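A short write-up of the structure that comes next.
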Amino acid sequence: MAKRWRSSCSEKDNKGLDKHSSIDRIGALPDDLLVNILSLLTFKEAIATSVLSSRWRYLWTFVPKLDFDGGESLLKVSSKGCTKSLLNKERSAYVEWVDHVLALHNNSTVEEFRVFFDLDKSYKDSIGKWIRYALARKIQRLELNLTDEFYGRRGYDKYYDFPYKLLKRVENPIAIDCLKSICMNCVNVSGEALEFFLCNCPLLENLSVSESGQLSSLRIISGSSRSLKSLEISLCHNLELVEIRDSNLVCFKYEGPRINFLLENVPHLVEMFIGGLLGSKFKMLFDFNLFSLITPTMAFLDILFLF
Amino acid sequence: MAAETGTPTTLTLKSNDDELFSVAESAAILSVTIRNMVEDGCAGGVIPLDNVDGKTLASVITYMNGISAIPADEEKKKSYRDKFLSDKDFETLADMVLAANYLNMSCLMDAVSAKIAQVMEKKSVGWVRRKFGIENDYTPEEEAAVKEEHKWTFEGVETDDDN
């Protein structure tokens, strides 16, 4: 079937259809309405509709939410008998799947792009290509969850390094100004890269980073997104400093080892969660002197949760 | 627009099978298409809605009246929408999504689309084809090729009914 995109329904499509259920009622809907319905299914279910009939074969390629959820495969990987070679086979299958889907995908806009699978830095070429694809399509929500919780911990040196250079490439500016949410797990993303996002994504509301080995400091200062409402950082063991100044931040969650916090003029901050667990000992990892210094800037704090 | 004082303005809508309906302007302007006509001053007489039949328009007007009577409470609106759509068969839903699109009513359109998606969720290909009257025009070889093309996808899709 030729890929065809009808932008609106002609009157002819509506008339003369009788009411029997044997008539293809859903097929009478124009493509854009069907794509709208498909984007409410899981991405896999949307792709699976390609087998219904030739009319449906390429409809899913216009869905703007690309959720590459490798959950089922991860469950296989987490089973007891899983070997390294089975893991690598599942990894290759996942990568092939994403590559294949992106080769067919047809929408110039990607609202949401989510990668959820156990992938290490040896897949950097593919992952880099996926990120370029998403960032070139006015992406709003980016999630890179390269989890290592299923097969076994990898360590920072095996984590994928986020390609900061890609963002700075001047000759090929990337349209990242629509980004509203960024979540990364088991990705080595640096403070520099995050600060680049913060300064170049005026709509950025939500930033969440966990298990980055390259994050040593994060400065959210004037020039950063004024839209930022939620910041979450967890288990970044090389992190030493988080500095937040002149920000509209509402919620800040931190979990990890003891670090320096510097908060100044954060008048909308109403929820703050600070906690950490090191080794087998539960202990408060908070500098109380520093805390007493910052409290005057947090007059409206509703929730302070130390765990 | 609605008069500043006095009785609320009523509009007359005409379906494509020539049925006439009276509806309060305050409810009808949930449709951006109708609102634009009102704002442009084209709503004086009868408003013809060429893409909506009488049965569907009656349903849409019930929705317009119901939802506009609820104050700004998103929870209550959602529960009204769920109840309103709960007894609609698929043919009606398909007509309503077309009408909502034509009338430019995003809240109704989103709710009906979500309802149709809900019907499709976790169902086998055979079930969806039967339910929606979709004719399979693939040859067995073509169908096998499409399944092979998306092998990884089909592995992960669970279905309630595989007949």
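If you take the residues in segment A:57-74 that are assigned to a loop (DSSP other than H, G, I, E, B) and more than 7 Å from chain B (Cβ to nearest Cβ), which one is farthest from A:ASP120 (Cα to Cα)?
Per the criteria, the residue is A:TYR58.
Looking at A:LEU144, A:LEU239, which is the one that is over 21 Å from A:LYS124 (Cβ atoms), out of contact with any His (no Cβ under 6 Å at 6 or more places or on another chain) and of a type in the set (A, V, I, L, M, F, W, C)?
The conditions single out A:LEU239.
If you go through segment A:68-89 one residue at a time, how many are surrounded by 16 or more Cβ atoms within 10 Å (Cβ to Cβ) and either under 30 Å from A:VAL35 (Cα atoms) or among the aromatic types (Phe, Trp, Tyr) (or both)?
The total comes to 5.
Among the strands (runs of 3 or more DSSP E) lying completely within segment A:157-242, list those that include at least 2 residues that are free of Cβ contacts under 8 Å to residues at least 40 places away in the same chain.
Answer list for segment A:157-242: A:206-210, A:217-220, A:230-234.
Restricting to segment B:94-123, give me the number of residues that are without any contact (Cβ under 8 Å) to a residue 24 or more places away in the chain, more than 8 Å from chain A (Cβ to nearest Cβ) and aliphatic (A, V, I, L, M).
So the answer is 0.
Report yes if some residue within segment A:22-40 is under 21 Å from the mean Cα position of the chain (by Cα), at the interface with chain B (Cβ under 7 Å from one of its Cβ atoms) and either closer than 18 Å to A:ASN106 by Cα or modelled with pLDDT under 75 (or both); otherwise report no.
yes
Inside segment B:101-111, can you point out the residues that are surrounded by fewer than 17 Cβ atoms within 10 Å (Cβ to Cβ) and part of a helix (DSSP H, G or I)?
Passing the criteria: B:SER106, B:CYS107, B:ASP110.
If you take the residues of segment A:91-111 that are touching a residue at least 24 places away in the same chain (Cβ under 8 Å) and acidic (Asp, Glu), which of them is farthest from A:LEU34 (Cα to Cα)?
Checking each candidate, the answer is A:ASP99.
Please tell me if A:SER54 is facing chain B (nearest Cβ under 7 Å), in contact with a His (Cβ under 8 Å, 6 or more places away or on another chain) and modelled with pLDDT of 90 or more.
no
The values are calculated or read from the model by the stated rules, or taken from the named source; none is laboratory data. These numbers come from a predicted model, not from an experiment. Counting neighbours? That spans all protein chains shown, and the Cβs are built from the backbone with ideal geometry, glycine included.
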